[in-house]
Amino acid sequence: MQRFNLQIFRRFWAIAKTYWFSDEKWKARGLLLLIVLLLLAYTGLSVVLNNQRGELISALSAKNESRFWQTVIIFIGVLVVYAPLLAGYTYLRDRLGLAWRRWLTTNFVERYFADRAFYRINQFNPDIDNPDQRIAEDVKNFTQESLTLALILSDSVLEIIAFSGVLLGISRELVLFLVAYAFIGTLATVGIFGQPLVRLNFEQLKREANFRFGLVRVRENAEAIAFYQGEAQESTQVNNRFMAAFDNYKNLLGWELGLNGITNAYEFIPFILPALVVAPGIFSGDVEVGKVSEAQGAFIRVFFSLNLIVARFQSLSAFGAGIDRLYDFASALGQVEETVGATETAKEPEATDIALADKPVISCEGASELVLKHLTLQTPNYQRTLIEDLSLALGNQSSLLVVGPSGCGKSSLMRAIAGLWTSGTGTIQRPDLEQLLFLPQKPYMILGNLRQQLLYPYPNSELDDTQLKVALEQVNLSDLDERFGGFDGEEEWSDVLSLGEQQRLSFARVLLHQPQYTILDEATSALDRDNEKQLYGHLAATKTAYLSVGHRQSLEGYHQTMLRLAEDHSWQLEVLVK
């Protein structure tokens, strides 16, 4: 259990320190210092209010009117300062948490998209489920809960120091009993409920995310599901994901029932014990009646400060589960791998990971032209060879058609050229990726207006509306801007445009940007022959070289050479006679 807690703390600090030692550290630390000063002030005023409450009851018991009104004036005066002080403390705490969330979210988003980590995690790190939830929800909970718990802990320490003095002045036995009682309760709670609650909370976060993801997939693929009439199967899958979350939460509620039963009984004693201890002194006349209220208030404040772990154990368990998810995500992004301490039991690498680490990878070099040298391409797990010892060159303003049966590695070759797959041997020489534009069979339609669609993925290109209009005319979409309110019109483009229109729109991107190389993977599969001929005619008129993957025989008329791949890993390069 000690090692478990130490690991959670180390993982917490590995994530937290990225902000507190960042370029915003002085602003964050300054704001935190101001919050601590407010915390000190309002804790001190809490002691005064507690004392005055006891004075108020003592004055009433003694029927001392002047003492009563003096206490009331002091109480109200302190309260006038205390209320805005507490409000300011809460505001600044939440404001710092928001600033931390902004910085950490931006940091994770930058790393998620750097070096195409989003693709690598999706393809090769199946254990990192739902990265979207980890960035959106887990980061929010981490920053808010971290700051809240840290300040609650600080507040608890201050209250223990401040109110223990009050208790010592009333009864030392109360203080000794309080420390022992809180210590035993904390050990028992952590020992019984610690690991089960963290495990169940971790699983709950995962299953809730899977349930939401299933609903999002239905929305994104509504038309396809409707065509297939797959409502029953989709409904079953969504319900199964929900029931997985439901069953886990039901189990979690069972553990929470036991925890709440113990803590409720455990937290009842502090409300009666101070009166029992102080009562003999009151009956003998040695202690004023107000001391009961004062002792009870101080006792409860100290008790709940010492009892912090027990009282917030469920939220701490959920917080620990969130830390684990966020740490695993940060590790996958290469952000915190150096933080594992020498004494911490690190996760043993799996045999498959060790085996893959020893495998060769394809070398990628910068060059002015696209050249493949003795390229042998394998699947990412190295279990299957797709292409063997391929060598070819695609010069500037030339064209190559890649054909072959399904599964022979045509699309995989595109992934290797893009640097997405590196399993295999040989060398790929190519220009910078900014000089290559890839057109997949299912075009990617971004969230934005028509102008942003056309300029994607280079939104800062200096192209005016006239050039955009010409490109639309070249791909037979001349009225597209007029249909949707001009180039600033925003739509859910993947829904309002047919697949053929989306493919033509992606072709317009090539005509506008005119990259050095264009890679087309079945990019005209939804088009008729006339549209296909017209698009390739415009493409040939540009300065770009292009490589196409396709099955249509008509594509041969638009290319100079053809690479024919076979299922036995062999290949053949042919010159196309026009």
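The values are calculated or read from the model by the stated rules, or taken from the named source; none is laboratory data. Note that the coordinates shown come from a computational prediction; the quantities given were computed from them, not determined experimentally. When we count neighbours, we look across all protein chains shown, and the Cβ atoms used for this are built from the backbone with ideal geometry, even at glycine.
Restricting attention to the stretch 514-526, the residues that are of a type outside the set (Ser, Thr, Tyr) and surrounded by fewer than 21 Cβ atoms within 10 Å (Cβ to Cβ) add up to 5. For the condition among the basic types (Lys, Arg), in contact with a Phe, Trp or Tyr (Cβ under 8 Å, 6 or more places away or on another chain) and within 29 Å of GLN383 (Cβ to Cβ), ARG451 does not qualify.
Within the stretch 389-441, the set of residues being at pLDDT 90 or above and of a type in the set (Asp, Glu) comprises ASP389, ASP432. When the stretch 543-556 is filtered for residues that are in contact with a Lys or Arg (Cβ under 7 Å, 6 or more places away or on another chain) and either charged (D, E, K, R) or surrounded by fewer than 21 Cβ atoms within 10 Å (Cβ to Cβ) (or both), only SER554 remains.
Residues checked against (1) over 29 Å from the mean Cα position of the chain (by Cα); (2) modelled with pLDDT under 80; (3) outside any helix (DSSP H, G or I); (4) crowded, with 16+ Cβ neighbours inside 10 Å:
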site	(1), (2), (3), (4)
TRP13	no, no, no, no
ALA28	no, no, no, yes
VAL47	yes, yes, no, yes
SER58	yes, yes, no, yes
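From the set of residues in the stretch 105-119 that are in contact (Cβ under 8 Å) with a residue 24 or more places away in the chain and of a type in the set (D, E, K, R), which is farthest from GLU203 (Cα to Cα)? Of everything passing the filter in the stretch 105-119, ARG116 is farthest from GLU203 (Cα to Cα).
For ALA540, are the conditions met, namely being in contact (Cβ under 8 Å) with a residue 40 or more places away in the chain, among the hydrophobic types (A, V, I, L, M, F, W, C) and surrounded by fewer than 21 Cβ atoms within 10 Å (Cβ to Cβ)? Here the answer is yes, as ALA540 does meet what is asked. Count of the stretch 346-378 residues, restricted to those that are at pLDDT 90 or above, out of contact with any Ser or Thr (no Cβ under 6 Å at 6 or more places or on another chain) and either in a loop (DSSP other than H, G, I, E, B) or within 30 Å of LEU6 (Cα to Cα) (or both), is 3. Considering only the stretch 442-454, I want to know if a residue exists there that is modelled with pLDDT of 90 or more and among the aromatic types (Phe, Trp, Tyr). No, because not a single residue in the stretch 442-454 is modelled with pLDDT of 90 or more and among the aromatic types (Phe, Trp, Tyr).
Every residue, every condition in (1) assigned to a helix (DSSP H, G or I); (2) closer than 15 Å to MET445 by Cα; (3) not assigned by TED's automatic domain parsing to the domain that holds ASP530, yes or no:
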position	(1), (2), (3)
GLN467	yes, no, no
LEU477	no, no, no
GLU482	yes, no, no
SER494	yes, yes, no
ARG504	yes, yes, no
PHE507	yes, yes, no
LEU511	yes, no, no
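Taking the condition modelled with pLDDT of 65 or more and either surrounded by fewer than 17 Cβ atoms within 10 Å (Cβ to Cβ) or not assigned by TED's automatic domain parsing to the domain that holds GLU492 (or both), does GLU231 pass? Yes.
Among the listed residues LEU390, LEU413, LEU437, LEU433, identify the single one that is closer than 18 Å to VAL510 by Cβ and surrounded by 19 or more Cβ atoms within 10 Å (Cβ to Cβ). Let's see the steps before the verdict.
Numbers: LEU390 fails: closer than 18 Å to VAL510 by Cβ; LEU413 fails: closer than 18 Å to VAL510 by Cβ; LEU433 fails: surrounded by 19 or more Cβ atoms within 10 Å (Cβ to Cβ).
Among LEU390, LEU413, LEU437, LEU433, only LEU437 is closer than 18 Å to VAL510 by Cβ and surrounded by 19 or more Cβ atoms within 10 Å (Cβ to Cβ).
In the stretch 62-82, the residues that are among the polar types (S, T, N, Q) form Cβ pairs under 8 Å with partners that are in a helix (DSSP H, G or I), at six or more places apart or across chains, as follows: THR71/GLN52; THR71/GLU55; THR71/LEU56; THR71/ALA59.
Whether a residue is farther than 27 Å from GLU388 by Cβ and in the same structural domain as ASP530 (by TED's automatic domain parsing) was assessed, and GLY424 does not pass this test.
Number of residues in the stretch 384-431 that are of a type in the set (A, V, I, L, M, F, W, C), touching a Lys or Arg at 6+ places or on another chain (Cβ under 8 Å) and part of a loop (DSSP other than H, G, I, E, B): the value is 2. Tell me, please, whether a residue that is at pLDDT below 80 and of a type in the set (Asp, Glu) can be found in the stretch 135-149. Checked the stretch 135-149: no residue is at pLDDT below 80 and of a type in the set (Asp, Glu).
Anything in the stretch 558-569 that is over 14 Å from SER406 (Cα atoms) and either part of a loop (DSSP other than H, G, I, E, B) or touching a Lys or Arg at 6+ places or on another chain (Cβ under 8 Å) (or both)? List them, or say none. I'd like the intermediate steps shown before the answer.
Here is the first cut: in the stretch 558-569, the ones over 14 Å from SER406 (Cα atoms) are 558-563.
Selection gives TYR558, HIS559, GLN560.
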